[in-house]
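The structure under discussion appears below in the form of structure tokens.
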Ligand code: ATP
């Protein structure tokens, strides 16, 4: 096992900078997830650590060893890819033991290790099968098994669950987490799926356009995102963003005036007439479903400001325990995601007034995406 340290790593492809200023240190035994939208550079970072790419500049350490010039096979890392890349003519046992076979490890030790790994991944009854006789989930476990059997210092996993169906992905994700708890091998996991990032990681590295946006544990990143990109990327449904203009102690949100409590205002240095993006998570919005009352409340309050917004329901998605609502601000293209209890009955066209918990409000600079509050 080993820690992994990246110091100012940069990778250019001709005139494209895929990643830059990549600096972090993963302590021995931790599970870190690199997450971000397609093209943000996560696979490039992982492949650079594996030795499948060469950094244009910067230093990369595995343990105390500077490995920039060490070839992939001598780095003592094992990588698992999205397409399992199993050898079709080999049995499960041969696939799992392949890395050891290549290293000319003693046959008896190989057998023993293959058996142990197969048992821990519930593959021991499938050892004689060929890959095409296995389900997708079983094939993925064989690929993991092949990596585990090598007993590497570091695991590198590149979207290993994305070929599995939803149920299997959830199950395998939980197995992976348990396996890491048992083995304690330093693991770096790449995904664009924020649920995988939140559920698996000791620490998440959020990337965008080749640069690190934030590093932190899942709860901290969710509760205190560094900028609008991080705020809207992590969380499902995502944080709502409302463009607003600040004037006379309130935010003008598409013509509706949202009053700002004094304590919230104190924390912000808002400037008259300036535009801001307001961020509010779906769970911090309460609804009033009595539409007549909603309209009344709003017309009563519209001149003196309120903490309410009037919206019209566009889409209703019942999920059993809860229902997701997509609702629009009248006369505007701005849409909000709202979570309500599964017993709440709503239909497209219904009007609601929303009470925002303004103590949970985030404020962003619309030009830079930087967080103000
Ligand atoms: P995805 O989730 O779609 O796999 P990613 O976050 O893993 O995306 P990378 O594959 O690391 O992103 O790519 C980062 C950037 O570098 C992209 O803009 C990509 O087009 C570019 N890139 C990656 N490999 C090469 C290459 N061999 N030649 C040129 N550009 C490349």
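Before moving on, here are some points about what is shown:
- Any chance residue 78 is assigned to a helix (DSSP H, G or I) and either surrounded by 13 or more Cβ atoms within 10 Å (Cβ to Cβ) or out of contact with any helix residue (DSSP H, G or I) (no Cβ under 8 Å at 6 or more places or on another chain) (or both): no
- The range 30-62: number of residues that are more than 16 Å from the ligand (Cβ to nearest atom) and crowded, with 16+ Cβ neighbours inside 10 Å: 4
- Out of 126, 134, 52, 60, sole residue that is closer than 25 Å to residue 214 by Cα and assigned by TED's automatic domain parsing to the domain that holds residue 171: 60
Residues are listed down the side, and each one gets a yes or a no for (1) assigned to a helix (DSSP H, G or I); (2) at pLDDT below 90; (3) closer than 20 Å to residue 243 by Cα; (4) not assigned by TED's automatic domain parsing to the domain that holds residue 208:
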| residue | (1), (2), (3), (4) |
| --- | --- |
| 297 | yes, yes, no, yes |
| 312 | no, no, yes, yes |
| 336 | no, no, yes, yes |
| 339 | no, no, no, yes |
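- Members of the range 20-29 found to be within 15 Å of the ligand (Cβ to nearest atom) and either under 21 Å from residue 82 (Cα atoms) or without any contact (Cβ under 8 Å) to a residue 24 or more places away in the chain (or both), listed by number: none
- On inspection, residue 185 does not qualify as surrounded by 18 or more Cβ atoms within 10 Å (Cβ to Cβ) and either closer than 30 Å to residue 265 by Cβ or within 16 Å of the ligand (Cβ to nearest atom) (or both).
- Of all residues making up the range 93-130, the number that are touching a residue at least 12 places away in the same chain (Cβ under 8 Å), more than 36 Å from the chain's Cα centre (by Cα) and assigned to a helix (DSSP H, G or I): 2
- Members of the range 63-82 found to be away from the ligand (no atom under 12 Å from the Cβ), in contact with a strand residue (DSSP E or B) (Cβ under 9 Å, 6 or more places away or on another chain) and either under 18 Å from residue 151 (Cα atoms) or outside the structural domain of residue 201 (by TED's automatic domain parsing) (or both), listed by number: 63, 72, 75, 76, 77, 78, 79, 80
The values are calculated or read from the model by the stated rules, or taken from the named source; none is laboratory data. Everything quoted here is computed from the prediction, not taken from an experiment. Note that each Cβ is placed from the backbone with ideal geometry, even for glycine, and that neighbours are counted across all protein chains shown.
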